[in-house]
Amino acid sequence: MEVPAFAGMTLHSISKCALLKTCKGDSMWSPIFKLAQHMTNKKNQNTIIIGVGNPMRSDDGIGVRVIEKYRANDSSAAIINGGTDALNLIDSIKQYPKAIIIDAVRMNTEPGTIKVFSPKDAKIIQNDSLSTHGLGLAEMLVFLKELDIKTKITIIGIEPEDISYGDVLSATIEQQIPTVINLIKKHVNS
């Protein structure tokens, strides 16, 4: 029995194929390509907002919690939940001139400290202590540079207080959400 060409392809590989416009033919892949293109190329938007983190690790979920709140107030923005594997965000980031990434970041400061920085500012951090999870921000930033992706990246980092298992942010981090949302608005409009 002959195996169809699409057998074994995951949703990620199909969407990657569509995003990179490498799908061959137009019969089977056309609807998928059009859907992925529509989802990633929102007209009249030049900024993508990405919340990164694991909401099941307390304060590590700050990025995801912030975009949930932001989306409630601005449903027209290009917003994605980046989860815990920042490397999977490269395809989305390259579609936009600007990207704002919100994440829990170890900066050796007081919990709740918020810092806004660019990828070049992140070079001072060694061995990816930048992110609190998986393949993190530091690796993604290296890949973006290696791939010569020109998107202007702004990172809003929040020093976590507690990254133990749990689905609730600490009070220290929860109270910073309005400040982070105001920073996002400022950078979207700059």
Of (1) buried (at least 16 other Cβ atoms within 10 Å of the Cβ); (2) at pLDDT 90 or above; (3) part of a helix (DSSP H, G or I); (4) more than 12 Å from the chain's Cα centre (by Cα), residue 68 fails just (1)
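Please find, within the range 72-111, the residue that is surrounded by the fewest Cβ atoms within 10 Å (Cβ to Cβ) out of those that are charged (D, E, K, R) and touching a Gly at 6+ places or on another chain (Cβ under 6 Å). Give the derivation first.
Filtering the range 72-111 down to residues charged (D, E, K, R) leaves 74, 85, 91, 94, 98, 103, 106, 110.
Applying the additional criterion that residues be touching a Gly at 6+ places or on another chain (Cβ under 6 Å) yields 85, 103.
Values: 85: 14, 103: 26.
Looking at residues that are charged (D, E, K, R) and touching a Gly at 6+ places or on another chain (Cβ under 6 Å), I get 85.
Kindly indicate which of 123, 152, 145 is modelled with pLDDT of 90 or more, in the same structural domain as residue 51 (by TED's automatic domain parsing) and over 18 Å from residue 57 (Cβ atoms). Show your work before the answer.
Numbers: 123 fails: modelled with pLDDT of 90 or more; 145 fails: modelled with pLDDT of 90 or more.
Criteria check complete, one pass: 152.
Looking at the structure I just gave you, is residue 179 among the hydroxyl-bearing types (Ser, Thr, Tyr), in a helix (DSSP H, G or I) and more than 14 Å from residue 59 (Cα to Cα)?
On the way: among the hydroxyl-bearing types (Ser, Thr, Tyr): yes; in a helix (DSSP H, G or I): yes; more than 14 Å from residue 59 (Cα to Cα): yes.
Yes.
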The condition from (1) outside any strand (DSSP E or B); (2) at pLDDT below 95; (3) within 20 Å of residue 180 (Cα to Cα) that residue 82 misses is numbered (1)
Of (1) part of a loop (DSSP other than H, G, I, E, B); (2) at pLDDT below 95; (3) out of contact with any Ser or Thr (no Cβ under 7 Å at 6 or more places or on another chain), residue 110 fails just (2)
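The values are calculated or read from the model by the stated rules, or taken from the named source; none is laboratory data. Please read these numbers as outputs of a predicted model, since none were measured by experiment. For neighbour counting, all protein chains shown are included, and Cβ atoms are generated from backbone atoms with ideal geometry for every residue, glycine included.
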